[in-house]
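A quick write-up on the structure given underneath.
The values are calculated or read from the model by the stated rules, or taken from the named source; none is laboratory data. Source: prediction; values computed, not measured. Here the Cβ positions follow ideal geometry from the backbone for every residue, glycine too, while neighbour counts run over all protein chains shown. Accessible surface areas use protein heavy atoms only, side chains included; no ligands, DNA or RNA. Shrake-Rupley method; radii C 1.70, N 1.55, O 1.52, S 1.80 Å.
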Amino acid sequence: MIEVKNLTKKYGNHLAVKGISFTVEEGHIYGFLGPNGAGKSTTMNIITGCLAATSGNVTIDGHDIYEEPLEAKRCIGYLPEQPPLYFDMTPFEYLMFVAEAKGIDYESAFRQTREVIEATRLTEHQNRLIRNLSKGYKQRVGIAQAMLGNPKVIILDEPTVGLDPKQIIEIRDLIRELGRDKTIILSSHIMQEVQAVCDRVMIISNGNLVASDNIENLESLVSRTNKLHISVRCDEETAEEVLMAINGVERMSMMHTKDEGVLDITLDTDRAYDPRDDIFFAMADRRCAIIAMRYEESTLEDIFLRLTDSDREVPASEEETEKEIFGVDLERTEYTSQFSTAGYSIEDDENGKGGEE
Amino acid sequence: MAAIFKKEFKAYFMNMSGYVFMAFLLLFAGIYVTAINLKSGYASFEYTLSSMSMVFIFIIPILTMRSIAEERHSRTDQLLYSLPLRVSDIVLGKFLAMLAVLAIPVAIMSGYPLILSAFGTVHYTACYGAMLAFFLLGAALIAICMFMSALTESQIIAAVLSFGVLLVAYLMSGIASLIPSTAIVSFFALIVVSIVLAAIVWLLTKNPVVALVAAAICIIPLSLLYYFNSSVFAGLFQELLNTLSLFDRFDNFIYGIFDVTALVYYISVIVFFLFLTMQSVEKRRWS
């Protein structure tokens with residue numbers, strides 16, 4: 001459906017997108033995930049022909065976006081990050097304009113406009129000025145605009161940003177509904193959103209595509225290492241000696257707690273083997289009391305944070321990237337930047353809860 | 001293009017600018033007709049049009065300032081880029097919508113000679129010939145100001161820029177008469193113009209080599225020509241300014257001359273500035 005090859009975009013000296021390649025297949029909902037400034041909007045703008053790439057190709061349904069821009073653009077409906085609305089028009093007028101600009105004749109334009117207004121539940125507001133609509137309704141007008149002309153692909157750039165929780169749920173439902181018979185690409189910096197709506201994920205970081213797979217695969221991939229948090233009353237040497245000897249433990253980090261003599265330990269353990277029993281008995285043999293133990297299966301959130309950790313060097317070429325996801329990277333990643341990681345998850349949790357409630 | 005035209009034309013009447021433009025043009029038409037035709041008793045409407053061309057300096061920027069600057073400001077240009085439209089569709093649609101807004105008061109004004117004919121002899125051909133030139137002059141000014149609007153995101157800056165450019169265009173022959181007609185002055189004036197052109201090329205392309213080449217292309221032949229035959233330059237710059245002056249070109253029509261070269265010149269200006277506007281809109285995509 002969409003083929004992107006070696007896409008590069010330079011702003012002055014800043015390389016915003018570094019040779020991204022991917023293919024989008026028909027009939028899926030793709031999530032384009034990455035922290036702010038990772039190059040999501042730039043990539044989407046290039047795919048939709050709003051921005052010219054420095055190098056690389058984009059083909060949409062066999063039409064090159066530069067060679068045959070009109071044919072390519074007819075296959076796409078696009079909602080940019082900031083919905084491009086004319087505030088002194090009503091939604092109906094606005095949608096009629098977009099429909100006609102998409103080359104639809106008056107009769108079908110009228111019919112389609114009615115249909116998308118119905119589908120986005122804008123009927124009651126279709127004759128108010130867009131200026132006076134709430135943010136959620138403005139967003140709907142933007143999505144309605146993208147749906148006109150029955151494009152094969154709909155591209156939505158952060159469609160739920162700035163909406164209240166109820167609106168977020170409504171927009172997500174709408175996207176899911178659309179996804180039944182269309183290909184959808186939506187970008188987001190919120191993992192939960194992508195998990196809730198999409199069936200495939202592309203993770204982008206610092207202008208590189210660092211992962212591209214369906215959600216189940218990514219999940220099975222990350223849970224290759226699970227995390228085990230234990231609090232144990234013993235000294236560091238003993239803890240290290242005991243724990244590193246246990247089957248399945250790959251890495252550990254320790255922290256002293258307020259309680260005298262109690263260590264907080266985080267272990268990365270092999271998913272295939274649950275080491276909890278072994279640890280319990282090994283510690284018991286040494287007469288060290290385990291005060292708390294919490295087993296945590298890795299989530300998509302973790303792989304997102306790992307892959308998009310901005311301090312890390314990310315290789316550019318695709319093969320390296322793939323190799324990295326399917327093995328090497330997981331052993332190499334150090335959890336040195338605990339603090340920044342925590343900061344991320346707090347922000348995302350807030351957003352995520354907003355969505356689930 | 002039809003969709004853009006419709007939307008733009010409607011937009012001029014959804015906010016004030018279309019009405020303000022038409023009201024001012026018709027107000028001044030009324031004042032001048034009263035002063036020249038009714039009070040002084042001239043039956044030729046051409047004189048009125050000639051005096052009225054000055055009004056364009058103030059009202060054309062009102063019409064054009066929002067045309068492209070507003071799209072950029074409200075980010076709706078992204079919509080236009082993502083729709084299956086050519087840049088030429090967008091620019092032409094907008095330009096034609098502005099022409100249509102200009103055509104309404106001009107159409108109303110074309111009724112005035114008929115009224116005047118009740119009181120004296122009106123030369124219809126001269127009168128409507130001048131009306132056509134008046135409309136094309138307006139169209140050329142709109143094209144220039146539309147380009148100004150394409151240079152910036154702010155409507156105010158677009159309006160001020162347009163006003164400045166139109167004022168210079170209006171005063172062009174006056175400025176020309178200030179410049180001594182000696183060869184050396186013309187030569188240096190042309191060199192300065194070449195340097196300014198090269199600077200613009202440098203700003204647009206950010207490539208010093210291209211700018212230097214552009215400067216060399218202008219300056220070297222000029223210098224050679226001046227060295228071998230300096231008499232060519234006598235009065236050349238003045239003449240150049242007079243030739244380029246949009247407003248002075250209109251004067252022939254007052255005397256009942258249907259000056260085709262002027263019409264061709266107006267159309268060339270329109271085409272040139274529409275082309276520049278398209279380039280400017282296209283360039284935005286490459287930034």
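Please give the average number of partner chain Cβ atoms lying within 10 Å of the Cβ of each residue in A:79-86, rounded to a whole number.
On the way: counts 3, 7, 2, 4, 4, 11, 4, 8.
Taking all residues of A:79-86 together, the mean is 5.
Once both labels are modelled 7 Å past Cα along the beta-carbon direction, what's the B:Ile157-A:Ser134 spacing in nm?
In this crude spin-label approximation the distance works out to 3.6 nm.
Ignore the peptide's own chain and count Cβ atoms of other chains within 10 Å of each Cβ in A:141-149; give me the average, rounded.
Values: counts 0, 1, 0, 0, 3, 2, 0, 1, 2.
Other-chain Cβ atoms within 10 Å of each residue's Cβ, averaged: 1.
Please work out the FRET efficiency for the pair A:Tyr11 and A:Asp285, using the Cβ-Cβ distance as r and a Förster radius of 56 Å; give the result to the nearest 0.05. The partial results should precede the final answer.
Values: r = 61 Å, r/R0 = 1.08.
According to the calculation, E is roughly 0.40.
Would you tell me the accessible area of B:Tyr112, worked out with a 1.4 angstrom probe on the heavy atoms of the protein chains, in Å² to the nearest 10?
The accessible area of B:Tyr112 comes to roughly 50 Å².
Which entries of A:Lys10/B:Lys206; A:Lys40/A:Lys135; A:Lys102/A:Lys182; A:Lys10/B:Lys6; A:Lys152/B:Lys283; A:Lys138/A:Lys182 show an alpha-carbon separation above 25 angstrom in the structure shown? If you can, show how the numbers build up before the last one.
Working: A:Lys10/B:Lys206 15 Å; A:Lys40/A:Lys135 22 Å; A:Lys102/A:Lys182 18 Å; A:Lys10/B:Lys6 37 Å; A:Lys152/B:Lys283 28 Å; A:Lys138/A:Lys182 22 Å.
Over 25 Å Cα-Cα: A:Lys10/B:Lys6; A:Lys152/B:Lys283.
Less than 15 Å from a label point 7 Å out along the Cα-to-Cβ axis of A:Asn150: which backbone N atoms in region A:61-91 qualify, by residue?
A:74-77
With every protein chain kept in the model, how would you rank A:Lys138, A:Lys258, A:Lys10 by accessible area, 1.4 Å probe, largest at the top?
On the way: A:Lys138 45, A:Lys258 200, A:Lys10 105 Å².
Ranked from most to least accessible, the order is A:Lys258, A:Lys10, A:Lys138.
In Å² (nearest 100), what accessible area is buried between B and A, both sides summed, heavy protein atoms only, 1.4 Å probe? If you can, show how the numbers build up before the last one.
Details: alone 14690 and 17590 Å², together 29900 Å².
By this definition, chains B and A bury close to 2400 Å².
For the protein assembly as shown, give the share of DSSP beta bridges that are antiparallel, in percent and rounded to the nearest 5; count only bridges with both residues there.
Numbers: 44 of 62 bridges.
In the protein assembly as shown, approximately 70 percent of DSSP beta bridges are antiparallel ones.
What spacing in nm lies between the two simple spin-label points modelled at B:Ile115 and B:His73, each 7 Å away from Cα in the Cβ direction?
Going from the B:Ile115 label point to the B:His73 one covers 3.5 nm.
Taking a label point 7 Å from the Cα of B:Ser230 along the Cα→Cβ vector, which residues of region B:150-185 have an amide N closer than 18 Å to it?
Output list for this probe position: B:180-185.
Please give the FRET efficiency for A:Arg294 paired with A:Thr123, using the beta carbon to beta carbon distance and R0 = 60 Å, rounded to the nearest 0.05. It would help to have the intermediate numbers written out before the result.
Numbers: r = 50 Å, r/R0 = 0.83.
It comes to 0.75.
Excluding ligands and nucleic acids, what accessible area in Å² is computed for B:Ser280 using a 1.4 Å probe, to the nearest 10?
Around 20 Å² of this residue is reachable by solvent.
With +1 assigned to the C-beta of every Lys and Arg and -1 to the C-beta of every Asp and Glu, and no other charges, what is the dipole magnitude of region A:225-296 about the Cα centre in debye, to the nearest 20?
Working: 9 positive and 16 negative charges, 49 e Å.
Value, rounded to 20: 240 debye.
Suppose accessible area is computed on protein heavy atoms with a 1.4 Å probe; arrange A:His189, B:His123 from highest to lowest.
Numbers: A:His189 30, B:His123 120 Å².
Result, largest first: B:His123, A:His189.
What accessible area, in Å² to the nearest ten, does a 1.4 Å probe give for B:Met148?
Surface accessible to solvent at B:Met148 totals approximately 20 Å².
Could you work out, residue by residue across A:44-53, how many beta carbons of other chains sit within 10 Å of that residue's beta carbon, and then give the average as an integer? Mind showing how you got there, number by number?
Numbers: counts 1, 4, 1, 1, 4, 5, 8, 6, 6, 1.
Taking the mean over all residues of the peptide, I get 4.
At 7 Å along Cα-to-Cβ for each site, give me the label-to-label distance between B:Ser223 and A:Asp277 in nm.
9.3
Protein chains only, probe 1.4 Å: how do B:Thr121, A:Thr269 rank by accessible area, largest first? Walk me through the numbers on the way to the answer.
Working: B:Thr121 110, A:Thr269 0 Å².
Reading off the accessible areas and sorting them downward yields B:Thr121, A:Thr269.
May I ask you to derive the FRET efficiency for A:Asp173 and B:Tyr42 from their Cβ-Cβ distance with R0 = 51 Å, giving the value to the nearest 0.05? Spell out each step's value before the answer.
Working: r = 72 Å, r/R0 = 1.42.
E between A:Asp173 and B:Tyr42, to the nearest 0.05, is 0.10.
Just how far, in whole angstrom, is region A:182-256 from region B:1-41 if you go by their alpha carbon centroids?
Measuring centre to centre over Cα atoms gives 66 Å.
With +1 on each Lys and Arg Cβ and -1 on each Asp and Glu Cβ, how big is the dipole of chain B about its Cα centre, in debye rounded to the nearest 20?
Working: 14 positive and 12 negative charges, 145 e Å.
Using only the charged Cβ atoms, the result is roughly 700 debye.
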